[in-house]
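For reference, the structure discussed in these notes is given below.
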Amino acid sequence: MKYYEEVQETEHKRPCANIREDLKACLLATDCVRLHRKTPRECLLSKDPSVPDECLALRTTFFECKRSLMDNRQRFRGRKGY
């Protein structure tokens, strides 16, 4: 899997695009999507046991990345703990 720290050939213009790409690749590799023919969204919403903890952690990271775009306090002061 690709991680957002690695340098990629194409530069994404959308914020959080690297985390989104990692989450997409993680979900597409699960048995829920490949064998049961469900969409990645259905697998996450149904809390399928075949979805690994890594995908759930990426989902949380993606959510926090998107939320930080909307939070004006984080935009001006910077993220806490970094």
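The values are calculated or read from the model by the stated rules, or taken from the named source; none is laboratory data. What you see is a predicted model, and the numbers here were worked out from it, not measured in a lab. A quick note on method: Cβ atoms are made from the backbone with ideal geometry, for glycine too, and the neighbour counts reach across all protein chains shown. For the accessible areas, the whole protein counts, side chains as well, though only heavy atoms, and no ligand, DNA or RNA atoms are used. Shrake-Rupley method; radii C 1.70, N 1.55, O 1.52, S 1.80 Å.
Here residue 9 meets each of (1) part of a loop (DSSP other than H, G, I, E, B); (2) acidic (Asp, Glu); (3) modelled with pLDDT of 85 or more with one exception, condition (3). Filtering 34, 41, 67, 59 for residues that are at pLDDT below 90 and open to solvent by 80 Å² or more (accessible area, probe 1.4 Å) leaves a single hit, 67. Counting only residues that are aromatic (Phe, Trp, Tyr) and touching a residue at least 40 places away in the same chain (Cβ under 8 Å), how many does segment 24-68 have? Of the residues in segment 24-68, 1 are aromatic (Phe, Trp, Tyr) and touching a residue at least 40 places away in the same chain (Cβ under 8 Å).
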